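One structure is given here, and the rest of the page talks about it.
Values quoted throughout were computed directly from the atomic coordinates according to the rules given, and no laboratory measurement underlies them. What you see is a predicted model; the values in this text were computed from it and never measured. Note: ideal-geometry Cβ built from the backbone for every residue, glycine included; neighbour counts use all protein chains shown.
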Amino acid sequence: MIISDRSAKKQRKALGFIFGALAALVAALLAFTAWPTAAPYKNLPEGSVFCGAEQVRGGQLFANGLKFGSASLRSDVQAHSGQYSCYLPAAGKAQYGFAYQMDKPEPGTAYKASVWRLKNAYNTGLLAVKLEGEDAPYYQQNTAVTSDDKGWEKLEIRFFIPYGKKVGRFSVYVYAEGHTEVFFDDLLIEQLPGAGAFHPEVLNLYLKKESLEALRKKRATALQAGILETDDGDWVEATLEGDSTGLMDIELRLKGDWLDHLRGDKWSFRVKMKGPYAWRRMRAFSLHTPLARYFLHEWVLHQLWEREDVLTTRYDFIELRLNGESLGIYAYEEHFEKQLVEYRQRREGPILKFSEDGFWMAIKRQLSHHGFVKGGPTHAPMDWHNADIQAFKESNLEANPTLAQEYEQARRLMQQYREGQAPPDEVFDLTRMTRYYALCDITNGYHGIAWHNQRFYYNPITSKLEPIGFDGFGDKPEMRYTILGEGALNPATLTAENIFAALFMDEAFTEAYIRELYRLSSRDYLSAALDSLYPAWAARLAFLQMEFPDYQPDLNEFLTEGQFAHSLLLPYNGQSLLAYTQNQKGAEKRLQVQNRHNLPLEVVGYGLSKKKIDTSLPEPLLLPASTPRRYWARLQRDSMIRNYSSIRFLEESALQNQAAPEYYQLDVGLTAKYLFFRVPGTDSIFHAPIQRSAPPEGDTGAQKLRRQAKLHAGGPYRLEGQRIIFPAGQHRVRENMILPEGYLAVFEAGAILSLEQGAHFISFSPVQAYGTEEQPVQINSPDGSGSFTVLKAQEYSSLKNVVFEGLNTLQSGGWQLTGAVTFYESDVRLYRCTFRKNHSEDGLNIIRSEFELRQCYFSDTPSDGFDSDFSRGTVDDCRFVRTGNDGLDFSGSIVNISNCLMESNGDKGVSVGEESDVTLFDSSIKGSNIAVASKDLSMLYIRGLKMEACGQGFVAFQKKPEFGGSKIVVESYEAKDVKRLYAISEGCVLQLQDQLVQ
């Protein structure tokens, strides 16, 4: 092809244009990608200050006309936004950056300073705020409130410009000690909205001499009795005067139940306005020391309830004077009258409670009899089941036909609540009820949920009850380890002392509660709520600290509590739900699924991969929550136990309220590999793999044996009604003895049952065997072929002075147990029983049952002396001697061991595994390879353990990949001739008294 010179020139010109355009496009793209990313703060409110280290002027960091320190600290190595950050080098001395100053800040103004810090190995680098002036405070923060997925974390400080103190300037800056380099970016100082002005009113009380003397006498009586009891004869005449009111006639009495309301001269009062008078639109209110409700903690809880339209009493602070003398700072709290609900835009309706009269009568009796209130089982009047239902202003309600009718409706609802006669959504305004409990969780304000502190308003429009929030704090709140809804829908979590526990057995209530708790505990909600409260909080704090300087709270404590509650809500992929294949038939397979999460789970579908749901279930499978683990929950939040007295008697709670998780059946498609699930009330979907197992076919050995269960004429027993009685004497049995359900097998003292030639004793009924020391009951197998098994007995078995000797393992048709003596789903009490020279893997195996072992003796067993699987119980004053493997072995169990001896155990004295919670108190282990071992998410708590001549003392490890690390807490121990005190694998924890080993 020949191209003319002119055509060639045109072509070259066109190509040049194309190449030029491409070059311009590439340059534009490069310029675009190199351009700083947008700052994360746009459209900042008026009065905010921001610096992203992007601009420099005159050697200073510069933004929006303001200076922020030397530009020599600017770095382009790292940036949270844009291209630059503030860099503090590892210079061996303190380094400062991002410095901003404001002169003459306005008193009563609140601010929030924040900065992003690049995470570093030593968590160094702080945000600081310094107020300059008379007694001006200084703040610094090193703990992040949030983080992003790029390795940056955010520090925040709220601060307040107080009234009455000259603050000439405040400075905000970052600093590091210079031991390692630190990067900061995006410094932001925001002025928080809201009125910080707080001008506490001075409230004057005037009492005549005789009225004051009557109060003194009443107080003296209360101090002698230990509690304050009040009646209608306690009211005295007085007058009250506020800042903007004249003198007003009132009635007044002492208030409070415990003596903290009567300390020194700072007494608490209940006030009733007389005639036409009202103070702050209230006709009745209380005055008490702020300490009684733990200062601002109560105020914050009230503000949050109000924010969520949950009824609550008006609550704030004043100065109180009595006959001209200041009593200091007081809190006032609205009482339960119609003004409370009308102020919150509700129509007048009855306000009810469960009567406390019997409760305090029982308290008074205990104090008068033995000087203290005993815990545990209570006197009958202290039980909410026995409390009368009462209304405030009851006579006024009964005098008004409409209100009287509403009162009767309200009483019925209260009774239904107490007795569980109707679902919660028919009794309560479910939204407000669940918000009430969720905010108690978030603030750790649980004092008001006790049955005798609960108050309810009957809404005549909805004909439902609404909670009235008050009295959230009786003292400084203790560290919290759970939330109220943990264990929801699981009957094992029901406790008699909590009237509200039954609410969490209802699906609709539980779902609404989780939804509200998830929303209210989110960082976005809480941070915004606390920001809005901070100006008023800071002003009131300054006022309170005039009298209570030791009260040094941090508003972020509520954010921390809320975030902890939030962290407990969502499950974990692959961990919180277990799914095993039980069998398959046709195009489906049947699964056994188990919830390992502390809240209920809904299985919503299944699929071939964990990325998406291929098939949704027509109806989600709802799984009750697992029961909360008491000890594990403590160490989930605390790295170690610092006060051992705080966990005294926790083992009793664990034994009573913990239970092994249940399995539930679910049919899915044959090809399904993953289940998908969520927590009710939330949208996030999680996944769990389906574990494979070979599909068994045909009848099992257990099924075949059960069909053989019948009584035979001429057997070694006599039948008396529903009692199968084995009399004293020798009974030789050479074929299986299988007792059906519906009976009671009774062994008389001196009865000897000898199982020979492969004969096994199997009972589907409970067993009662009461031997004596002189004539024990004996169950033996002279040729070592027989075994003793109790399966699914409906009642407790009870055995005393029984000797099990020479027994072996039950094997039949592929069905094989591991114990010479086995109790499966059959609760049992064993007292002074002996298990010796048996030939099985376990001397005694108890599975999915409750048990008590006292003064029992185990010896000469090839493997484990006692093996507990998914059971709970106590082992007291027992001996485990010469076992081939472990003295005691626990899997998925909750067990308390005390006063026991483990000696010459081939492997471990005590072995704890598969999410067990075990306590070991006042016991000895001698001559074992390993004294104690904890594995696979188990918790072992030890007190008073003596170890002697053991290869290793405390061992913790993970054995099975589907579990995790384990924990051992040792309060006290003695070790003699122990070659290696401890061996702790990665991911496990040992607390050895006050030392933490990880």
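Tabulated values for the structure
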{"item": "Total formal charge among the other residues, if their Cβ is under 9 angstrom from that of Leu830, Lys/Arg +1 and Asp/Glu -1", "result": "+3"}
{"item": "Dipole magnitude (debye, nearest 20) for the chain, charges at Cβ of Lys, Arg, Asp, Glu", "result": "2500 debye"}
{"item": "Within region 698-824: Cβ-based charge dipole about Cα centre, in debye rounded to nearest 20 (Lys, Arg +1; Asp, Glu -1)", "result": "420 debye"}
{"item": "Karplus-derived 3J(HN,Hα), 6.51/-1.76/1.60, for each residue of region 785-790, Hz, glycine and proline x", "result": "10, x, 8, 10, 9, 10"}
{"item": "Sum of -39500 (n - 2.57) over DSSP H runs of 4+, divided by residues of the chain (222 nm, nearest 500)", "result": "-6000 deg cm²/dmol"}
{"item": "Which of Ser797, Ser781 has the fewest Cβ neighbours within 10 Å, and the rest in rising order", "result": "Ser797, Ser781"}
{"item": "Two-site FRET efficiency, Arg281 against Tyr138, from Cβ-Cβ distance with R₀ of 41 Å, rounded to 0.05", "result": "0.50"}
{"item": "Unsatisfied cross-links (Cα-Cα over 32 Å) in the set Lys218/Lys338; Lys165/Lys255; Lys710/Lys935; Lys165/Lys208; Lys165/Lys218", "result": "Lys165/Lys255; Lys710/Lys935; Lys165/Lys208; Lys165/Lys218"}
{"item": "Pair Met546, Gln775: separation of 7 Å Cα→Cβ label points (nm)", "result": "8.6 nm"}
{"item": "Inter-probe distance in nm under a simple model that places probes 7 Å from Cα toward Cβ, at Asp667 and Lys274", "result": "7.8 nm"}
{"item": "Whole-Å distance, taken between Cα centres, linking region 865-905 and region 289-362", "result": "53 Å"}
{"item": "Among Gly909, Ile930, Ser70 the positive-end extreme of the charge dipole of the chain (Cβ point charges)", "result": "Ser70"}
{"item": "Where only alpha carbons of the chain are counted, the Rg and the Dmax (Å)", "result": "35.8, 128"}
{"item": "Degrees between helix 357-370 axis and first principal axis of the chain (Cα, 0 to 90, nearest 10)", "result": "70 degrees"}
{"item": "Listed residue (Ile752, Thr822, Pro740) projecting farthest to the positive dipole end of region 698-824, Cβ model", "result": "Pro740"}
{"item": "Sequence of Asp827, Asp234 once ranked by neighbouring C-beta atoms within 10 Å, starting from the fewest", "result": "Asp234, Asp827"}
{"item": "FRET E, pair Lys960, Arg734, Förster distance 51 Å, beta-carbon r, rounded to 0.05", "result": "0.80"}
{"item": "Amide H contacts under 5 Å for Gly469, placed H, 5+ residues apart", "result": "Leu311, Thr312, Thr313"}
{"item": "Radius 11 Å from Cβ of Ala749, net charge of other residues (Lys, Arg +1; Asp, Glu -1)", "result": "-2"}
{"item": "Sorted by Cβ neighbour density within 10 Å, fewest at the top, the residues Thr462, Thr510", "result": "Thr462, Thr510"}
{"item": "Amide H contacts of Leu322 (H built 1.01 Å from N, under 5 Å, at least 5 apart or other chain)", "result": "Leu205, Leu327"}
{"item": "Region 402-496 - charge dipole about Cα centre, Lys and Arg +1 at Cβ, Asp and Glu -1, debye rounded to 20", "result": "60 debye"}
{"item": "Estimated vicinal HN-Hα couplings, Hz - region 446-456 in sequence order (Karplus 6.51, -1.76, 1.60; Gly, Pro = x)", "result": "9, 4, x, 8, 4, 4, 7, 9, 7, 10, 9"}
{"item": "Positive-end residue of Phe548, His297, Val174, charge dipole of the chain with Cβ unit charges", "result": "Val174"}
{"item": "Scattering profile of region 202-567 at q = 0.07, 0.09, 0.10, 0.15 Å⁻¹ [log10 I(q)/I(0), Debye over alpha-carbon scatterers]", "result": "-0.31, -0.53, -0.67, -1.57"}
{"item": "In Hz, Karplus ³J(HN,Hα) per residue of region 267-274 (6.51, -1.76, 1.60; θ = phi - 60°; x = Gly, Pro)", "result": "7, 9, 10, 10, 10, 10, 6, 9"}
{"item": "Alpha carbon centroid spacing (whole Å) that separates region 47-79 from region 910-944", "result": "58 Å"}
